[in-house]
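The values are calculated or read from the model by the stated rules, or taken from the named source; none is laboratory data. Not measured: the values here are computed from a predicted model. When we count neighbours, we look across all protein chains shown, and the Cβ atoms used for this are built from the backbone with ideal geometry, even at glycine. The area values use the complete protein model at the heavy-atom level, side chains included, leaving out ligands, DNA and RNA. Shrake-Rupley method; radii C 1.70, N 1.55, O 1.52, S 1.80 Å.
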Amino acid sequence: MAAGDEITGTTGWPFSDADEQEGAANEPADDWTTARRRRPAQLTVIDPPAMAPRSPATRSAKSRVRTKVARMPRVRPRAALRRSEDDLTRVLPRFGAMHMSHALATGWLRSGGVRTKSTGNCSSKQVHHCTSLDSVRTGTIARMIELKRESGCPIMVTGGTEAGHAPGQYSHGNGYKLDISHNTCIDRHITRYHAKAGVRSDGARLYRSGSGTVFADESDHWDILFR
């Protein structure tokens with residue numbers, strides 16, 4: 001545009017609308033534009049139930065607010081049985097004074113990693129060279145397994161409720177005492193982590209736990225009173 005030419009129109013654009021339309025009509029359409037114009041529009045499907053307002057019951061069911069009702073986890077029957085066999089200390093508050101059969105007591109000890117040994121390879125309560133757990137207290141067995149877990153030591157039960165032990169209220173025969181073999185691990189655990197409690201009349205050194213268990217160090221075994 002030469003200097004001095006006057007630009008007409010109110011918008012300041014040197015071409016009219018007719019010229020623009022004519023140029024657009026004469027311009028060849030490219031393939032991309034044609035394809036875009038021919039492609040059908042994508043429709044968005046709206047689910048009416050999803051758009052509907054939720055009812056108060058639905059909102060409360062999906063709410064994260066905790067209520068006062070406790071939900072117990074689902075536990076398979078075999079898992080519950082195995083847990084009850086392993087964690088026997090749960091029975092102490094209510095069932096610690098109950099007495100057990102020899103088979104049940106040895107089964108519980110075995111499940112807790114505690115072994116038993118009998119000099120005469122027998123389990124009769126009336127024979128002194130047998131190792132019997134007949135009529136032993138549930139709390140006694142539970143605390144023996146607890147000792148095994150706390151110490152991490154091998155434990156061998158060599159004496160239970162069989163004849164030949166001293167009588168008394170808190171005796172072997174009444175299910176309060178068990179004998180276990182000496183070994184370096186359990187000897188160190190008892191003497192290191194339990195308080196000295198004097199000497200018994202027969203010369204055995206005594207150690208006492210915080211829960212009241214008394215360990216008597218006899219010549220060839222530990223005589224343990226679980227109260």
For GLU218, placing the label point 7 angstrom along Cα-to-beta-carbon and taking the stretch 159-189, residues whose amide nitrogen sits under 15 Å are 159-168, 170-183
Rg and Dmax of the stretch 124-204 over Cα atoms: what are they, in angstrom?
13.4, 36
Within-11-Å neighbourhood charge of THR140 [Cβ basis; K, R +1; D, E -1]:
+3
Please report the accessible area of LEU225 (heavy atoms, 1.4 Å probe, ligands and nucleic acids excluded) in Å², nearest 10.
30 Å²
Positive minus negative residues near LYS177 (Lys, Arg vs Asp, Glu; Cβ under 15 Å)
-1
Unsatisfied cross-links (Cα-Cα over 21 Å) in the set LYS148/LYS177; LYS125/LYS148; LYS125/LYS196
LYS125/LYS148; LYS125/LYS196
Radius 9 Å from Cβ of VAL157, net charge of other residues (Lys, Arg +1; Asp, Glu -1)
+1
